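Notes follow once the structure below has been shown.
Each reported figure results from applying straightforward, stated rules to the coordinates on display, with no laboratory input. In this text the structure is predicted, and so the values were computed from the model without any measurement. Glycine also receives a Cβ, built like all others from the backbone with ideal geometry; neighbour counts cover every protein chain displayed.
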Amino acid sequence: MWRRALLLFAPPACVLLVAILHQQPPPTPVEYHLGKIDRNGEAMGAWSGPWACVCDARTGLLWEVKTDDEGIHHGDWSYSWYREDFGVPNNGDCYFEEERCDTRDLIRRSNRERLCGTDNWRLPASAELQTLLYPQAKEGAPLIDTDYFPKTRRGDYWTRDGEKPLQGVYRHLKHGAVAIDFIAGEQVTIPYRNAAFVRLVADASKACHQLRK
Amino acid sequence: MVTFWDSAVTKYSKSNLWILFHTAAVLALLVNLSSGLRIATLRRPAIAQIAELLPDGRVHQLHFLGACALTAIACAYLLFRLYTLIRGGFRSLDWKNFDYHRCVIWGGCAVLAVSLASGWLLLSDTAALGSPRELHFAAALGMLLYLFFHGGSYLLQYGRRALLLILRPTRQPGGRLLASAAVATGVVLGGWHFIAGSAQHSLPVLRVSVSTPIHIDGAADETEWTSAQPLTLSTEGGANFANGNTPVTLRALHNTREIYFLISWRDPTESLTHLPLRKTENGWQVQQDGFHRFDETRYYEDKFAVLLSDACDFGAAGTAHLGRKPLDNKPANWHGHGYHYSDSDRIHDLWHWKAVRTNDMYLADDNFIGPPDIRRPGRRRYTAGYRKDGKESGSYVMNWQWYRPDTVIPKRLPRLAEQLARYESAGGDSDWVIPWFDFAPYAAENDDFPEGTLMPSVIYSSNRFEGDRADVRARARWRDGRWTLELARPLDTGSAKDVAIHTGTCLWVSAFDRAQVAHTRHNRPIRLELE
Ligand code: HEM
Ligand code: HEM
């Protein structure tokens, strides 16, 4: 009888006890090719923040992250395409320059503040910027992983590829630069004077190098 | 080898029919107990401790199917008893053998009767009789005890022989037995099909002329509303409501283009203090109690949700999947309760009115429940099928750069300290919202607010949602312990993320009393009948 009682009641009691004692751990992040970097260039956990840059382990590129703090990285600011020698200066909208803004202004300011510990910020090549396109984006969101790249606008983002012939209504302006639109993910050539958005990139950054290791 | 028991069994054995029904009853009871306890984990932390032992996923369907089987068996048993009683007179009751086991069985039958009666009452969503939930839960615990005192004691007394007695047929199952098994299964499945298909509340949608203006202002002063037939049902299981329960009354109108709902529910407190920030010694802190697990139940705004679907299955059109990780290959949820998603490609429409974040915009969030989303590594919370419709521009943002349970850095601070004067204490009916341009970007040198300062955390960055997310107009007012909400939407928006409304569309409602996810629910869908 005692043996039977033991056989009958001990296993369920043990299972119950184990179930009560064993509580599931909270969820944890999984491996991913994107990594958050803080403004000093230190790597951060996937669920930490705020962060200032993102390193893409697939390409080794460090990307600028947009904000809504009305500072120089504010996501709503737009820029005309301008390089030392050509393009159109000061034809975009931002608050941080005396005059209006162009791509060179953002590069100069980002390098000066050593954003994420690096001072070789530049415009991305179109092939580079295209690596950020994210077809699984949520409904109505721009085609990018907004969990890593918040404050991205559904619009055109400049690349460094200039001196491209313009077509159609812009033909008379002769040359423009390539932009990637983050609505459909397409590559477009638009006049330098257009106000488009910008996401800067840096290669050979210390932050990204450390993260990839 | 003929043992003592084998010979005893031949004298004392159970008929095949008995074995069949007893086994079916045991299985149905186990299904109901395990699925019922899983449902109980939603709001009973003690039961949540053993959650790993319970089934997950669409347990409501399982529970109600088990309920049909158990009810059919109980009825059959009752009929059989009555029959023998009538045929054999009271002698057939056999008082002489009224031992311990008989006592337990009679007790068990009584508890089962309570369980079945309270279960069906729960399923009816009637507001009039008060909630039988506690009774149903107590009866479930009673049935658990019964399993021990009945099954356990037989096993203790007779060991393996007891199992042989109740499981091993003594004769070859005959044709009659198979026929009765088939009939019984047919009755249960037929009954289930009937109940699942017809157990719906019906809400007539009164037709009004296109020229009749219905103002979405929460005042509900149009005379048309008094002509619309109301439907009141009990919704249960929500945090903060008294006994988790609030009755909801619905009325509906349409003018062949738009549909209008007037919905009112009891909520003694108007909660507008949404996750406020408090200045502490170490910096600003989000006031919360559960928000870190995505299950805030204290510092949250009131909300209301309407689910619309072409499917009318139990468990919110079959989208309610309970458990920490109902999908093996998808992330778990933090609170362990479960999440909503669609098992097929079907889209279910979800309107989500929020007392702070959408009421001032005269809108409800237009969301949907679809198939489970992909894993998004940058997100701490995985919401499975519950997703937002396309949103073209910002609406509200929270006033922190990044949420952390200890301290946060606000996004923006008031330009003048006086702007915070009206938020001296949590609660009250102040608007806990700040317009973007009334505040300035955060700068540490401006952050000299005294300890204890309270600051709202919802910032409107633009006045309205645009695009798909702005299809549902909504406005509510709170007065004398009740919210009154008016809603309007085109019958057919043409969007693939919305459900077009017609006769036969099923609807569910849920009220949230300062709770992020712990909403009330009802069991039977509401079927719209357009005039
Ligand atoms: C012996 C059989 C049964 C057992 C052990 C059982 C057990 C339970 C338990 C433990 C709960 C959770 C209660 C709570 O914490 O809120 C529950 C909920 C419920 N049960 Fe049963 N039940 C049984 C039979 C039935 C029957 C016959 C029906 C009739 C259809 C029924 C309908 C319901 C309903 C409608 C709910 C509420 C679901 C919800 O809250 O979402 N149950 N049951
Ligand atoms: C059987 C009925 C239901 C059960 C058991 C249930 C259960 C749950 C659970 C466990 C969650 C948390 C999921 C998460 O954190 O992502 C949840 C969230 C939610 N449920 Fe339900 N639900 C039911 C019916 C409904 C109905 C009928 C509606 C709409 C009318 C609804 C609307 C919602 C909404 C809007 C949320 C998300 C709240 C938020 O995060 O903002 N549910 N539900």
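Things worth noting here:
- Loop-located trypsin sites (Lys or Arg not before Pro) in the stretch A:1-77 (DSSP state other than H, G, I, E, B) with a sparse environment of at most 16 neighbouring Cβ atoms within 10 Å: A:ARG39, A:ARG58.
- For A:ASP105, A:ASP119, order by how many other beta-carbon atoms lie within 10 Å, fewest first: A:ASP119, A:ASP105
- Computed label-point distance, nm, for sites B:ARG375 and B:LEU416 using a 7 Å Cα→Cβ extension: 5.3 nm
- Ranking of B:TYR158, A:TYR82 by count of other Cβ atoms within 10 Å, fewest first: B:TYR158, A:TYR82
- Per-residue packing, averaged as other Cβ atoms within 10 Å, sorts the ranges B:213-222, B:366-375, B:63-72 into the order B:63-72, B:366-375, B:213-222, beginning with the highest.
- Peptides B:189-197, B:321-329 ranked from most to least packed, by the mean per-residue count of other Cβ atoms within 10 Å: B:321-329, B:189-197.
- Arranged from fewest to most other beta-carbon atoms within 10 Å of their beta carbon, B:TRP284, B:TRP432 become B:TRP284, B:TRP432.
- Note on the stretch B:163-292: Rg/Rh from Cα positions, Kirkwood definition for Rh, rounded to two decimals, is 1.27.
- Estimated at 0.36 nm per residue, the fully extended path between B:ARG479 and B:ARG160 surpasses their Cα-Cα distance by 108.3 nm.
- For the pair A:GLU84 and B:SER15, label points projected 7 Å from Cα toward Cβ lie 10.3 nm apart.
- Rg/Rh (Cα only; Kirkwood hydrodynamic radius) as it applies to the stretch A:69-200: 0.95
- Residue mean of other protein chain beta carbons inside 10 Å, A:57-68: 1
- Relative contact order of the stretch A:69-200, defined on C-alpha pairs under 8 angstrom at six or more residues apart (%): 27 percent
- Compared with the rule-of-thumb size 2.2 N^0.38 Å for a compact globular protein, chain B has a Cα radius of gyration ratio of 1.17.
- Cα point-scatterer Debye curve for the stretch B:287-421, base-10 log of I(q)/I(0) at q = 0.14, 0.18 Å⁻¹: -0.80, -1.26
- Counting Cβ atoms of other protein chains within 10 Å of each residue's Cβ and taking the mean over peptide B:433-445 gives 1.
- Pairwise alpha-carbon distances in the stretch B:4-198 exceed 26 Å for 41% of all pairs.
- Cysteine residues of the protein assembly as shown whose Cβ has no partner cysteine Cβ closer than 4.7 Å: A:CYS14, B:CYS68, B:CYS75, B:CYS103, B:CYS109.
- Too-long pairs where the Cα-Cα distance tops 21 Å, listed order kept, from A:LYS36/B:LYS411; A:LYS151/B:LYS388; B:LYS330/B:LYS354; B:LYS279/B:LYS411: B:LYS330/B:LYS354
- Measuring r between the beta carbons of A:GLN24 and A:ALA125 and using R0 = 51 Å, the FRET efficiency lands at 0.65.
- Stretch gain in nm, segment B:VAL210-B:LEU85, where the contour uses 0.36 nm per residue and the Cα spacing is subtracted: 38.5 nm
- Average partner coverage of A:138-150, which counts Cβ from other chains inside 10 Å: 4
- Considering the protein assembly as shown at the alpha-carbon level, its Rg and Dmax are found to be 32.1, 112 Å.
- Judged by the mean number of other Cβ atoms found within 10 Å, the most tightly packed of the peptides B:198-209, B:506-517 leads the ranking B:506-517, B:198-209.
- FRET efficiency, 1/(1 + (r/R0)^6) with R0 41 Å, evaluated for B:PHE98 and B:HIS292 via beta carbons: 0.10
- In this simple spin-label model, placing a label point 7 Å from the Cα along the Cα-to-Cβ direction at both B:ALA196 and B:LEU491 gives a separation of 3.0 nm.
- Cleavage-rule hits (trypsin sites (Lys or Arg not before Pro)) in the stretch A:107-205: DSSP loop, at most 14 neighbouring Cβ within 10 angstrom: A:ARG114, A:LYS174
- Solution diffusion estimate, µm²/s, Stokes-Einstein, the stretch A:1-111, Kirkwood Rh from C-alpha pairs, 4 °C, viscosity 1.567 mPa s: 69 µm²/s
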